[in-house]
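Working notes for the structure below.
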Amino acid sequence: MTDDDAADQLERQTEDVKAAIAAARAQLRTRQHEQRQRQQQYNHDYYLAHREKLLEQSKQHAANRRAADPERIKAQQRERANRYYQRHKERLRAKRREDYHLHPEREKVSRDKYYAEHADQVRARHRDRAPVKNAHQRAARRERRDLERRVSDLGLPPPQPHVTTARERFLNERDADAFFTREWSPDDLEQMRRTSIATPPELLAAWVRDCTRARATHRLSEKRDELARLHQEIDRGAQRDQARRAEAARRARAEEKRLDDIGRQINDQLRQTPRRHQQPDPAAPHPMLQPQQSRGMNR
């Protein structure tokens, strides 16, 4: 057997061992799961068969613990309640707000009972919170008056806020959350399309007309903008042409003036002083008396 054959055989043996280990672990997990199921079934059956006895033993054990050290039991209960509250704070607060708004009569009874038992503490808390509460109220009034003054200066009507109670706001928010977080099935959507949210034909026709009018208005606005831009471009071109013509006329006048100046300089240079008129000699014979030489055809 060569070294390569030995290596291949060793690798195959290793893979076989790995597969056997995996199968053994799976078998062990299956056995443990079956044991846990059998134990749970046995515990369940035993509890159903001895329920009254077990409950009585649990109550007796709890009573013995409370009698032995009641303060320690109360402290443990407070600690467990506090841990539970810290873990589920948001959910418990939401549930408390929901009970407060949905059952106002029950909350009023609980509030009156608490006030009757802790009247002095409630009044003391109100006295301690009064300065801060009054400061907030004064700041809110100042802000409201400033807003009304600014609105009046602008010539606008005074603001008319719609006052709602805390219960109304809670119910509105709850209904909105329920509506926007609801998962609608295809059947529900189809039913709503046919009944509750079906658009009447006249409203649909009016919507189509409004859309057509809006699109036409938008296109007309775009065309008007384009026409205004073209007019501006034409005006700029006319202004450029006018400036170009004015510049050409100015240059022509300048060239004409330059040529006139050159001609004037040349004329000044070529102009001669006129000869003086000489008086004829009185002793000279008259020109007509001198013999004339015939030329040309008169010769």
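The values are calculated or read from the model by the stated rules, or taken from the named source; none is laboratory data. Keep in mind that this is a model prediction, so the values were computed, not measured. Every residue, glycine among them, receives a Cβ derived from its backbone with ideal geometry; neighbour counts consider all protein chains shown. The area values use the complete protein model at the heavy-atom level, side chains included, leaving out ligands, DNA and RNA. Shrake-Rupley method; radii C 1.70, N 1.55, O 1.52, S 1.80 Å.
Just a few scattered comments:
- With every protein chain in place, the chain: carbon and sulfur % of accessible area (1.4 Å): 53
- Along principal axes, Cα extents of the chain, largest first, whole Å: 189, 100, 55
- Probing with 1.4 Å while keeping every protein chain in the model, the per residue accessible area of the range 173-246 equals 91 Å².
- Averaging over all projection directions, the Cα-based convex hull of the range 66-136 occupies 7.6 nm² in the image plane.
- Solution diffusion estimate, µm²/s, Stokes-Einstein, the range 142-274, Kirkwood Rh from C-alpha pairs, 20 °C, viscosity 1.002 mPa s: 84
- Dipole of the range 10-146 computed with +1 at Lys/Arg Cβ and -1 at Asp/Glu Cβ about the Cα centre; of 82, 30, 63, farthest Cα towards the positive end is 82.
- Straight-distance candidates among the lysines for linking to residue 89, with alpha-carbon spacing under 27 Å and chain neighbours fewer than 8 residues away dropped: 74, 108, 113, 133.
- Scattering from the range 15-148 was approximated by placing one identical point on each alpha carbon and applying the Debye formula without solvent; log10 I(q)/I(0) at 0.14 1/Å stands at -1.14.
- Per the Kirkwood formula applied to alpha carbons, the range 124-189 shows a radius of gyration over Rh ratio, Rg over Rh, of 1.25.
- Here the label points at residue 203 and residue 224, each 7 Å from Cα along the C-beta direction, are separated by 3.2 nm in the simple model.
- Helical content of the chain, expressed as a calculated mean residue ellipticity at 222 nm, amounts to -28500 deg cm²/dmol (DSSP H runs of 4 or more residues, -39,500 (n - 2.57) each, divided by residue number, nearest 500).
- Top of 256, 90, 98 by mean-square fluctuation, Gaussian network on the chain, Cα under 10 Å: 256
- Those trypsin sites (Lys or Arg not before Pro) in the range 155-191 that DSSP places in a loop and that have at most 15 other beta carbons within 10 Å: 182
- Taking one quarter of the surface of the C-alpha convex hull of the range 6-93 gives a mean projected area of 12.5 nm².
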